[in-house]
């Protein structure tokens, strides 16, 4: 496909969450994409602008319940799946078990696995849930307390950390986009672990996120009056992004490791900052660590190591697909501190998903993602 | 000029304020513009990314003091002037008094009026300060407590309220962009005053703005701890946007009028909301008012009257050039309420300036302004 | 009762809402009050510190469902009713229909009206809901879309706007505390209407409130990501506080009047600001208006007219029972602007309720309410 | 002095900062204190309510420049010094070098050291600056880049971490109140280091603070638009609270140690949260650590170890003198996480200062500090 050929026909499953809304916001500016389907079970039947008034006048289809989708005729090229974890598995299984047979017009889709008969064989799926991130189904079961419904696809899925899986993503049919916290942590830690700059033990990731990371679900702790003018950690020593981080860091280190990971909720909408404490390998310095990261990302448009006198702040990346990394020598000998920031809804979620789509379809990688950050 | 010809060479005077930063953020995405000069006296010598880290990696020139600009050779097509009021007058006077003579290389510019000899005769100026908004220099002197330094240009200047001065802007050499509060108020009130839907007397504009409207100046009331978790009015019955609003509304009404205008500071970065209380002319209804506004803006990309059951919120336009207008019938007979929202830094300032530039250069009006609002 | 006698035994019905929590926070510092009962149906069985960790270590009873309360033996002196509107009526009816008979021990309370037999005859009720504010039951039905269940008590109830109903409150058995918006509006407008300083027509109340005013209920518009970094009006020309304001202002003016009232949601926790636009009677000035208000409140501890050069801000009263009023002359002849601020949870709700309790029990009026505002 | 004797005559030097304002707010509620002097050089001559409108109507003296104070006749019992670091030394030196001689009326104080002759010999000084916290003047010079002007007093000064220096504070003439970050860190770490529960090496303190911690100084990074909707670390591996933390922890551990300490700025007014990562001594568990802290603070009113299922949040202590500590077992064997929260302006500054004053004057320790936290 070239930029001038017919547009990519995209579906967004779970369009009423913040992640879905962000996919829409970015994709409507993509020169090669048409959004032809948006599902949202609880908001089915509504136009998107009643659910998200900021998405008005964009010529988008109304929201529809997944069970009511008439898949034949949609001729989807790509499906973004922004559903809650556990719900994605069956649906994606159905979508990808395509037979390649002709579409059966007017067929009534009753079960997810019937999607297979209705969708063209070449559809690609980009999943933003946690369902296909963990390669080991036992680990999945342990952390998500459910058996995986599509273990064969979990094997096939490519982990969508763009800068480190670009080649695999190119060829993938199913990409599992990383969680927001893992995205930041892995971008900062994979190169120095691979390069033996830092020790695999004793890594501490102190993470801070804005409230949009909790989604649009109605829970007391998400109310304005509960979040504003205060902060607190949550999921201490038990957050589900831990095994995901460890899976990828162990792979980078070449041996199993565990990390200490503590997320915090901060009274801001967007933005994620991780302060990462690492121990340097003997003979290595913070300067070596910086050099290692600069080399790793020297050709990357969206990952940048900042100058020595700059401290990354979430507002430097708000509204953009940028990831900024700062490296600092600690006063304690042999230790260094890495500070990494992303916009959790963009590089940490929808933006990275679109970056992956661009790769999967042979497009320029930054299409729809060129916007400079919004400040103030 | 067509989209494929050589790019518009733009200067931003006063690039270190929030308005300047927003001009940069938007213009770097403009396909027809090259930013070739950015001035900032207090930050002279610095690259823009030390002043605004979110504007990193954009290939922009370093900041320079106005007095150090070597105008010859810049071959400017357009100058955006985002300087504090009163400072713009002399500078713009200098820029526009171009002789059309050849540039004198290596000339040393010592006084603003010397700009004239160094800048090509066809340069256009888009001023974002208050200096050229008021046509009556006595009114200017009364409200700004200074004599105007370029009264002849004040006469020439076109008021840059795009939707209502489009034809004049097309031909203008100097456009004076409206203040943020007037932009919202005038978009809501000019059509019904012109159309005799509402009475000219008793108009009350209760305005609310985010803190970025106060700029980046170091004043105690702008500190985070002073603004957050609270709100208050300011400039009650004395804000300098009052005469600007009255100038344009009087013109629309065909006779002099006064408005009650009260701005408030709200603990948010961006966004401006005006709740406007009006008295309907005898026989007119809120439905007529809505109809009047819908008709006025039916062909406009950036001004939209929302559906009857929608209440405009600043977050519906954050980060975009949109203006949303809602019309509501009051319980008190004969009265109506208009709610209008804009992003003060975009439609209220830099975005409208770029919209005007697009018009002045014969470009598609929404270039660099197509981005959907950012939410959450 | 004197300050040295036995303590007032207080119950808080609906202790799990923000209003209930604020009653607790303030009452635990009251030297004459013991909280002996706290109900919360959805949180029944929990200690208050799991619902509100900031209320830890205060020696309070666990939350209990209303239906499980064993009224005999509680020997309540006062009941604060912080329940949602409509639910208060039956309960308060039951409480107040006390027979004066001895308590029937071990009696099982099955219906609200049975409370009567279990509570001592002298119990006083301070209702913070809207149920007893409107004297006209038809008006209640029109605005709340329900028939009133205790119309005879609605007649008896005293409107708890302390500074204007102090004498009636002293003798009252049932006090209906005003809504937060009416509290601010009425304190500003009753004196000048009574004193014929301002005209009864054309009063416009543009109100702004923090998010705690919406309570702790789980609604999408109350989420942090929906509220922060934005603002909007709501309930335009239809908010239920309108008839309450009009009831009391009509009484002050001596004839029926209507007001234009528009509340807005502002991204802060606490605080309420009303910008009120009024027309002066012929011959009256803004200075007269100021004088009128200063005279009206000269002996009041909690209502203060600020100096001419001070602009009231919500942060000047945050965390306190204070109400500040500023008076400003408009540029438009014959018009004035009143700015009034309160903490919606204190003077606008729980604080005023306690102020009323102090009056009802012959205590010093500022007990538990002396705390200076919290800033920053 | 007993509670019924004449009141303590207090001075607040540096009353126009946030710390000074908070001292005032709390002390006006103190039954045994009269504020008889408040200085503020830049705001000299103003009443406090023009500087802090929330402190209106409290019957306080006007602000005065230090050089204009007429010390004789003030008969001060205690001086709270809330001046910037380095400025306190000379002034406190002057105040404490009292001769005990009679006051010389009408004496003109020209140099700080003259205070000595004017102030009664028994005055006590409570310093809230950093000037007397570090016992080693070389360390002071290294971190503050200045020579200490009162090294003999630095030796005398008692470190005002109330719960750990109570006996010394009782007898002290000069108390150096800890910084806000050290207060939280030391309360969490002194007991387990003293008790050999945790290792002295590898302690990581990831701290987060609200913007009031930066004071009321006019710096660009403190502006609302710079702070809101974002966060970032600062002073990485170089914050001046590091040597203070290390001084006290080394003392607790019985040998020198270094900590990794990273503060972050969070978009909230008040509140400080530290997430502290520690390594357990062999054989010790997180349960032992919790037990150790519970035992250490079992009799303390203001330091509380929360229940195992509670996560401390800054909003649990906002507006109060409380410190909450939570202990969590890490997934990584041998490691634990301590979460500690305080209100930086109260327990982290002015509240702890008043707590110390209460001790120094033999008063009940919680006078003026009993207020429950303010939420929401």
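Which one of C:290, C:331, C:335, C:315 is surrounded by 24 or more Cβ atoms within 10 Å (Cβ to Cβ), out of contact with any helix residue (DSSP H, G or I) (no Cβ under 6 Å at 6 or more places or on another chain) and at pLDDT 95 or above?
Numbers: C:290 fails: surrounded by 24 or more Cβ atoms within 10 Å (Cβ to Cβ); C:331 fails: surrounded by 24 or more Cβ atoms within 10 Å (Cβ to Cβ); C:335 fails: surrounded by 24 or more Cβ atoms within 10 Å (Cβ to Cβ).
Going through C:290, C:331, C:335, C:315 in turn, the sole match is C:315.
For residues that are within 11 Å of residue D:11 (Cα to Cα), touching a helix residue (DSSP H, G or I) at 6+ places or on another chain (Cβ under 9 Å) and part of a loop (DSSP other than H, G, I, E, B), tally how many sit in segment D:70-101. Talk me through it step by step, then tell me what you get.
Going residue by residue through segment D:70-101, those that are within 11 Å of residue D:11 (Cα to Cα) are D:71, D:74-82.
Next, from what is left, pick out any that are touching a helix residue (DSSP H, G or I) at 6+ places or on another chain (Cβ under 9 Å): D:71, D:74, D:76, D:78-82.
Imposing the further condition that a residue be part of a loop (DSSP other than H, G, I, E, B) reduces the set to D:71, D:74, D:76, D:82.
The total comes to 4.
Scan (1) touching a residue at least 60 places away in the same chain (Cβ under 8 Å); (2) buried (at least 21 other Cβ atoms within 10 Å of the Cβ); (3) more than 30 Å from residue A:261 (Cα to Cα) for the single condition residue D:188 breaks and write down its number.
Failing condition for residue D:188: (3).
Considering segment C:185-218 alone, what residues qualify as being assigned to a strand (DSSP E or B), more than 30 Å from residue A:219 (Cβ to Cβ) and within 9 Å of another protein chain (Cβ to nearest Cβ)? Please lay out each step first, then the result.
Restricting attention to segment C:185-218, the residues satisfying the condition of being assigned to a strand (DSSP E or B) are C:198, C:204-209.
Those still in the list that are more than 30 Å from residue A:219 (Cβ to Cβ) too: C:198, C:204-206.
Those that are assigned to a strand (DSSP E or B), more than 30 Å from residue A:219 (Cβ to Cβ) and within 9 Å of another protein chain (Cβ to nearest Cβ): C:204, C:206.
Taking residue C:146 as meeting all but one of (1) crowded, with 19+ Cβ neighbours inside 10 Å; (2) at pLDDT below 95; (3) under 22 Å from the mean Cα position of the chain (by Cα), write down the number of the exception.
That leaves (1) as the condition not met.
Here is a check on your reading of the model: is residue A:57 within 12 Å of another protein chain (Cβ to nearest Cβ) and not in a strand (DSSP E or B)?
Working: within 12 Å of another protein chain (Cβ to nearest Cβ): yes; not in a strand (DSSP E or B): yes.
Yes: the conditions hold for residue A:57.
Hey, could you check segment B:300-312 for residues that are more than 14 Å from chain C (Cβ to nearest Cβ) and in contact with a helix residue (DSSP H, G or I) (Cβ under 7 Å, 6 or more places away or on another chain) and say which is surrounded by the most Cβ atoms within 10 Å (Cβ to Cβ)?
If we take residues in segment B:300-312 being more than 14 Å from chain C (Cβ to nearest Cβ) and in contact with a helix residue (DSSP H, G or I) (Cβ under 7 Å, 6 or more places away or on another chain), then B:305 is surrounded by the most Cβ atoms within 10 Å (Cβ to Cβ).
Could you list all residues from segment A:211-225 that are crowded, with 18+ Cβ neighbours inside 10 Å, in contact (Cβ under 8 Å) with a residue 24 or more places away in the chain and either within 30 Å of residue A:155 (Cβ to Cβ) or over 19 Å from the mean Cα position of the chain (by Cα) (or both)? Break it down stepwise before answering.
Within segment A:211-225, the first condition is being crowded, with 18+ Cβ neighbours inside 10 Å, and the residues that meet it are A:211-214, A:216, A:222-225.
When the remaining residues are screened for being in contact (Cβ under 8 Å) with a residue 24 or more places away in the chain, the result is A:211-214, A:216.
Answer for segment A:211-225, where residues must be crowded, with 18+ Cβ neighbours inside 10 Å, in contact (Cβ under 8 Å) with a residue 24 or more places away in the chain and either within 30 Å of residue A:155 (Cβ to Cβ) or over 19 Å from the mean Cα position of the chain (by Cα) (or both): just A:213.
Which of the residues that make up segment C:37-54 are more than 14 Å from chain D (Cβ to nearest Cβ) and either crowded, with 19+ Cβ neighbours inside 10 Å or touching a helix residue (DSSP H, G or I) at 6+ places or on another chain (Cβ under 8 Å) (or both)?
Looking only at segment C:37-54, we keep the residues that are more than 14 Å from chain D (Cβ to nearest Cβ), and these are C:37-45.
Those that are more than 14 Å from chain D (Cβ to nearest Cβ) and either crowded, with 19+ Cβ neighbours inside 10 Å or touching a helix residue (DSSP H, G or I) at 6+ places or on another chain (Cβ under 8 Å) (or both): C:37, C:38, C:39, C:40, C:41, C:43, C:44.
Within the bounds of segment B:27-42, is there any residue that is under 23 Å from residue A:367 (Cα atoms), part of a helix (DSSP H, G or I) and in contact (Cβ under 8 Å) with a residue 24 or more places away in the chain? Steps first, please.
In the first step, residues of segment B:27-42 are kept if they are under 23 Å from residue A:367 (Cα atoms); the result is B:27-35.
If we keep only those that are part of a helix (DSSP H, G or I) too, we end up with B:27.
This time we only want the ones that are in contact (Cβ under 8 Å) with a residue 24 or more places away in the chain, so: B:27.
Within segment B:27-42 (the criterion being under 23 Å from residue A:367 (Cα atoms), part of a helix (DSSP H, G or I) and in contact (Cβ under 8 Å) with a residue 24 or more places away in the chain), the answer is yes, since at least one residue qualifies.
Which members of segment B:255-281 meet the condition of being more than 12 Å from every other protein chain (Cβ to nearest Cβ) and in contact (Cβ under 8 Å) with a residue 60 or more places away in the chain?
B:280, B:281
I'd like to know if segment C:226-240 contains one or more residues that are buried (at least 24 other Cβ atoms within 10 Å of the Cβ), without any contact (Cβ under 8 Å) to a residue 12 or more places away in the chain and within 13 Å of chain B (Cβ to nearest Cβ).
Within segment C:226-240 (the criterion being buried (at least 24 other Cβ atoms within 10 Å of the Cβ), without any contact (Cβ under 8 Å) to a residue 12 or more places away in the chain and within 13 Å of chain B (Cβ to nearest Cβ)), the answer is yes, since at least one residue qualifies.
Report yes if residue C:302 is touching a residue at least 24 places away in the same chain (Cβ under 8 Å), more than 20 Å from residue C:346 (Cβ to Cβ) and within 20 Å of the chain's Cα centre (by Cα), otherwise no.
Working: touching a residue at least 24 places away in the same chain (Cβ under 8 Å): yes; more than 20 Å from residue C:346 (Cβ to Cβ): no; within 20 Å of the chain's Cα centre (by Cα): yes.
No, not satisfied.
Only residues that are within 26 Å of residue D:369 (Cα to Cα), assigned to a loop (DSSP other than H, G, I, E, B) and in contact with a strand residue (DSSP E or B) (Cβ under 9 Å, 6 or more places away or on another chain): list them for segment C:7-26, please.
Once the filter is applied, which keeps residues that are within 26 Å of residue D:369 (Cα to Cα), assigned to a loop (DSSP other than H, G, I, E, B) and in contact with a strand residue (DSSP E or B) (Cβ under 9 Å, 6 or more places away or on another chain), segment C:7-26 yields C:7, C:15, C:16.
Yes/no per residue for (1) at pLDDT below 95; (2) in a loop (DSSP other than H, G, I, E, B); (3) surrounded by 22 or more Cβ atoms within 10 Å (Cβ to Cβ); (4) in the same structural domain as residue D:204 (by TED's automatic domain parsing):
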| site | (1), (2), (3), (4) |
| --- | --- |
| D:248 | no, no, yes, yes |
| D:251 | no, no, no, yes |
| D:264 | no, no, yes, yes |
| D:274 | no, no, yes, yes |
| D:295 | no, no, no, yes |
| D:298 | no, yes, no, yes |
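How many residues are surrounded by fewer than 24 Cβ atoms within 10 Å (Cβ to Cβ), within 8 Å of another protein chain (Cβ to nearest Cβ) and touching a residue at least 40 places away in the same chain (Cβ under 8 Å) if we restrict to segment D:338-376?
3
Conditions first: (1) within 12 Å of another protein chain (Cβ to nearest Cβ); (2) in contact with a helix residue (DSSP H, G or I) (Cβ under 8 Å, 6 or more places away or on another chain); (3) assigned to a strand (DSSP E or B). Residue D:325 passes all but one, so which condition is the exception?
Failed condition: (1).
The values are calculated or read from the model by the stated rules, or taken from the named source; none is laboratory data. Nothing here was measured: the structure is a model prediction, and the numbers come from that model. Don't worry about glycine lacking a Cβ; one is built from the backbone with ideal geometry, like all the others, and counts go over all protein chains shown.
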